[in-house]
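**Q** Sharing a structure, written as structure tokens. Questions coming.
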Amino acid sequence: MNERLTSASLQQQFDDGFAAARTTEPPLQDVLAIQIAGHPYALRLVEIAGLFVDRPITKLPSRRAGLLGLVGFRNMFAPVFDLAVLLDHATDEVAPRWLVIAAHAPIAFAFAGFDGHLRVPADAIVARASGQRGSEVVRDGDQLRTMITLATLQGGS
């Protein structure tokens, strides 16, 4: 008798689960919080194939703005661009030690400061007023971080 009640109550709970109104959580976005020339920025994790620290960069002579050289990893070479230069900042006083590899192409972008991983609701990423650098910002506590779209950077084109 006890088993029937348990089976019946489990069946009822199962059925009630389908009948109950579903609460939908807002979708979450994963971003990396970084610092470039002392300014807070963010990168969408879906745009990144890898994050590396202290990788040796082979310097190349080039007239291309921001090109630091080549980096080898995962059986390939990729050009490395300094995000500070691409974003029209004075170069960081500290040499960039962090690299992200873009998911859209074999290209790396270097920056000096890594603040961490953020998981934010999609509505925390908002359009920025026109005329300001970057088209989107993400709220990180009390500060706003400008969202960088790697595929649109001048070095990546």
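Quick note: the coordinates plus some simple rules give every number you see, no bench work behind them. All values reported here derive from a predicted model rather than from experimental measurement. Here the Cβ is made from the backbone with ideal geometry for all residues, glycine too, and neighbour counts use every protein chain on show.
**Q** Give a residue-ordered list of calculated ³J(HN,Hα) values for segment 136-151 (Karplus: 6.51 cos²θ - 1.76 cosθ + 1.60, θ = phi - 60°; whole Hz; x for Gly, Pro).
**A** Residue by residue, segment 136-151 yields 9, 10, 10, 7, 10, x, 8, 10, 9, 10, 6, 7, 9, 9, 4, 5 Hz.
**Q** From the Cα trace of segment 25-156, what convex hull volume per residue do you get, rounded to a whole Å³?
**A** Each residue corresponds to 115 Å³ of Cα convex hull volume.
**Q** Hey, if you put +1 on the Cβ of every Lys and Arg and -1 on every Asp and Glu Cβ in segment 25-156, which of GLN143, THR58, LEU83 ends up farthest toward the positive end of that dipole?
**A** THR58
**Q** Efficiency by 1/(1 + (r/R0)^6): what FRET value for ARG55 and GLN12, r their Cβ-Cβ distance, R0 = 35 Å, to the nearest 0.05?
**A** E between ARG55 and GLN12, to the nearest 0.05, is 0.05.
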